[in-house]
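Data first, discussion second: the structure below is written as structure tokens.
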Amino acid sequence: LIPFQHDELDDWRENFKGVQYFDEEKNLIITGAVDDVWFNLDTEELIVVDYKATAKNGEVSLDADWQDGYRRQMDIYQWLLRKNGFNVSEDGYFVYCNGISEKDEFNDQLEFKTKLIPYKGNDSWVEPILYDLKETLMKDEAPESNSKCSYCSYVKKTLMI
């Protein structure tokens, strides 16, 4: 694997610009700012790479429920690049840096343990969700909140509804 070279790579990495795809049927522009893209010389496929950082005791992984968003993020990046005509591997990687907190002194230095976590992407859910998204956006009223939705619960508690 080598770093992918492309004239638009800097734009793809920029928040609020990113890799873009305009879905004419739904009249939606979908974007995502990738962290990095590698190129597989053997398969001539793009590999999406996402960087994560934390400082926690123990080994980092992608096993927690709240990390589903990380996996969905990777799926969308892969989908966006495919929609832009690129040959994209379902293989992606998370480069996860975990700050070492067991040091006796800080001395203005942060040290990390870095772990490369492979991920098999699956973007089959993206387009069906876009139909639901468009339908929801076009409604005159917001949908009912769902007690199983953590975002709905947060808003309800925050706004004291």
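The values are calculated or read from the model by the stated rules, or taken from the named source; none is laboratory data. On a predicted model such as this, the values are computed, not experimentally measured, just so you know. Here Cβ is always computed from backbone atoms with ideal geometry, including for glycine, and neighbour counts include all displayed protein chains. Surface areas here come from the heavy atoms of the whole protein model, side chains and all, with no ligands, DNA or RNA. Shrake-Rupley method; radii C 1.70, N 1.55, O 1.52, S 1.80 Å.
Could you work out, for region 15-101, what percent of all Cα-Cα pairs fall into each 10 Å distance bin, beginning at 0 Å and stopping at the bin that holds the largest distance?
The calculated distribution, bin by bin, is 15, 42, 30, 11, 2, 0.
Can you list the aspartates and glutamates whose alpha carbon sits under 13 Å from that of Lys83, skipping same-chain ones fewer than 8 residues off?
List returned: Asp23, Glu24, Asp75, Asp123, Glu127.
Please identify which residues in region 61-102 have an amide N closer than 17 Å to a label point set 7 Å out from the Cα of Lys148, following the Cα→Cβ vector.
The answer is 65-66, 68-69.
Enumerate by residue number the trypsin sites (Lys or Arg not before Pro) in region 39-108 meeting two conditions: DSSP loop (anything except H, G, I, E, B), and at most 11 other Cβ atoms within 10 Å of the site's Cβ. Write out the running numbers ahead of the final one.
Numbers: sites: Lys52, Lys56, Arg71, Arg72, Arg82, Lys83, Lys103; in loops: Lys56, Lys103.
Listed in order of number, the matching sites are Lys56, Lys103.
Does a label point 7 Å from the Cα of Lys26, set along Cα-to-beta-carbon, have any residues of region 122-161 with amide nitrogen under 15 Å, and which are they?
Taking a point 7 Å out along Cα→Cβ of Lys26, the residues of region 122-161 whose backbone N falls under 15 Å are 123-139.
Working with all protein chains in place, sort Asp42, Asp23 by solvent-accessible area computed with a 1.4 Å probe, largest first.
On the way: Asp42 145, Asp23 10 Å².
Final ranking, largest accessible area leading: Asp42, Asp23.
Tell me, which cysteines of the chain are without a disulfide-compatible partner by the Cβ under 4.7 Å rule?
If one checks each Cβ against the other cysteines of the chain, Cys97 turn up with nothing under 4.7 Å.
Between region 27-91 and region 93-109, how far is it from one alpha carbon centroid to the other, in angstrom?
Centre-to-centre (Cα) distance: 23 Å.
Per DSSP helix of 4 or more residues, -39500 (n - 2.57); summed, then divided by the residues of the chain. What does that give at 222 nm, rounded to the nearest 500?
On the way: 4 runs with 43 residues, N = 161.
Helices in the chain give a 222 nm mean residue ellipticity of -8000 deg cm²/dmol.
I need to check one value: relative contact order of the chain, counting alpha carbon pairs closer than 8 Å and at least 6 residues apart, in percent.
On the way: 226 pairs, mean separation 29.6, N = 161.
Reported as a whole number, the value is 18 percent.
Restricting to bridges with both residues inside the chain, how much of the DSSP beta-bridge set is antiparallel, in percent to the nearest 5? Before the final figure, lay out the partial values.
Values: 21 of 29 bridges.
If we restrict to bridges inside the chain, about 70 percent are antiparallel.
With the cut-off at 1.5 for a/c, could you classify region 59-161 from its C-alpha gyration tensor as rounded, prolate or oblate? Show your work: numbers first, answer last.
Details: a/c = 3.06, a/b = 1.34, b/c = 2.29.
Cα axes put region 59-161 in the oblate bin.
Keeping all protein chains in place, calculate the accessible area per residue for region 49-129 (probe 1.4 angstrom), answer in Å².
Values: 5010 Å² over 81 residues.
Counting only protein heavy atoms, the per-residue value for region 49-129 is 62 Å².
Could you list, in their original order, any pairs among Lys17/Lys134; Lys115/Lys157; Lys52/Lys103; Lys120/Lys157; Lys17/Lys52 whose Cα atoms are separated by more than 28 Å?
On the way: Lys17/Lys134 20 Å; Lys115/Lys157 36 Å; Lys52/Lys103 21 Å; Lys120/Lys157 36 Å; Lys17/Lys52 20 Å.
Those over the limit are Lys115/Lys157; Lys120/Lys157.
For an R0 of 30 angstrom, estimate the FRET efficiency from the Cβ-Cβ distance between Asn107 and Glu59 and round to the nearest 0.05.
0.75
Spin-label point model (7 Å from Cα, Cβ direction): what's the Phe16 to Leu133 distance in nm?
Modelled inter-label distance: 1.9 nm.
So if I place +1 on the C-beta of Lys and Arg and -1 on the C-beta of Asp and Glu, and nothing else carries charge, what would the dipole magnitude of region 52-161 be about its Cα centre? I want it in debye, nearest 20. Intermediate values should be presented prior to the final figure.
Values: 15 positive and 19 negative charges, 31 e Å.
Around 140 debye, computed over region 52-161.
Put +1 on the Cβ of each Lys and Arg and -1 on the Cβ of each Asp and Glu in the chain; which of Met74, Asn27, Ala64 then has its Cα farthest toward the positive end of the dipole?
Positive-end residue among those listed: Ala64.
Which trypsin sites (Lys or Arg not before Pro) in region 118-161 pass both tests, a DSSP loop state and at most 13 other beta-carbon atoms within 10 Å? Intermediate values should be presented prior to the final figure.
Details: sites: Lys120, Lys134, Lys139, Lys148, Lys156, Lys157; in loops: Lys139, Lys148.
Taking region 118-161 and a limit of 13 other Cβ atoms within 10 Å, the loop trypsin sites (Lys or Arg not before Pro) found are Lys139, Lys148.
Taking the chain as a Gaussian network, where each spring joins two C-alpha atoms under 10 Å apart, which residue of Asn57, Asn40, Asn107 fluctuates the most?
Of Asn57, Asn40, Asn107, the Gaussian network model singles out Asn107 as fluctuating most.
What's the ranking of 2-9, 85-92 by average number of surrounding C-beta atoms within 10 Å, highest first? Could you put the intermediate results ahead of the total?
Details: 2-9: 11.5, 85-92: 16.2.
With the highest mean Cβ count within 10 Å placed first, the list reads 85-92, 2-9.
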